[in-house]
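Take a look at the structure below.
The values are calculated or read from the model by the stated rules, or taken from the named source; none is laboratory data. Not measured: the values here are computed from a predicted model. Counting neighbours? That spans all protein chains shown, and the Cβs are built from the backbone with ideal geometry, glycine included. We work out accessible area using only protein heavy atoms, side chains counted, and drop any ligands, DNA or RNA first. Shrake-Rupley method; radii C 1.70, N 1.55, O 1.52, S 1.80 Å.
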Amino acid sequence: ERRERLSELEKYQEVISFCKAHQKLLSVFDEGCSNFYATHKFFSTHLLAHSYRKIGNRELCLKTLYDLAAIIPQMKSVEKSDSFDVSVRNPMYFSLVDDQEKLEEYMSGFKMGNMLSAFDKFFGDDEAYLAFKKSITE
C-alpha cells in the first residue's frame, strides 16, 4: 500500500498528508459502516502516530495516540452474531490477515498498552505520555 511504501522511503511528511486525506475520505463511512471505517481508520491513525514519532513531533504524536485509543473500542467484534458473514462478525475482515482463524481472533486479545512500547523511548519521561499510558494499561 502507498502509505507503507512512503514510510519505507522515510517520506514521513507525505505519509502524514496521505493519512489525513485517507481519514477524510473514510469519514463518509461514519454511519452504518463502523467496523469498516474503524478498521481502516485504526491502521491509518497508527501509521500517522509513527510518522509523527519519526519526525520528532511529540505533541501531535501524543494527540494521535489519544485518537487511536478512541478508535479501538469501535473495533471489537460483534458479540453473538447470527450472521455467517465474517465482515459482520469481525471488523478486521478488511485487514491484511490471511489466516481465517487468526482473522477471527485478531482483536480479541488486543491491548493498546503493548503497542505503546514502540513509543516509550521517543517520549521518555514525558509526564503526559506516562499518564496516558497508565490510563490505557489500567
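Numbers for the structure displayed
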{"quantity": "Flag for Ser87 being modelled with pLDDT under 90 and in contact with a helix residue (DSSP H, G or I) (Cβ under 8 Å, 6 or more places away or on another chain)", "calculated": "yes"}
{"quantity": "Ile55 being touching a Phe, Trp or Tyr at 6+ places or on another chain (Cβ under 7 Å) and either at pLDDT below 65 or closer than 19 Å to Thr137 by Cβ (or both)", "calculated": "no"}
{"quantity": "Odd one out for Gln74, checked against (1) modelled with pLDDT under 75; (2) surrounded by 15 or more Cβ atoms within 10 Å (Cβ to Cβ); (3) of a type outside the set (Asp, Glu); (4) under 29 Å from Asp126 (Cβ atoms)", "calculated": "(2)"}
{"quantity": "Neighbours by Cβ (under 6 Å, 6+ apart or cross-chain): first from region 1-27, without any contact (Cβ under 8 Å) to a residue 24 or more places away in the chain and of a type outside the set (D, E, K, R); second open to solvent by 80 Å² or more (accessible area, probe 1.4 Å) and not in a loop (DSSP other than H, G, I, E, B)", "calculated": "Leu6/Glu14"}
{"quantity": "Among (1) touching a Phe, Trp or Tyr at 6+ places or on another chain (Cβ under 7 Å); (2) modelled with pLDDT under 70; (3) under 24 Å from Lys133 (Cα atoms) - the single one Met107 does not satisfy", "calculated": "(1)"}
{"quantity": "Candidate set from region 115-138 (those that are more than 18 Å from Ser51 (Cβ to Cβ) and open to solvent by less than 40 Å² (accessible area, probe 1.4 Å)); member that is nearest to the chain's Cα centre (by Cα)", "calculated": "Phe132"}
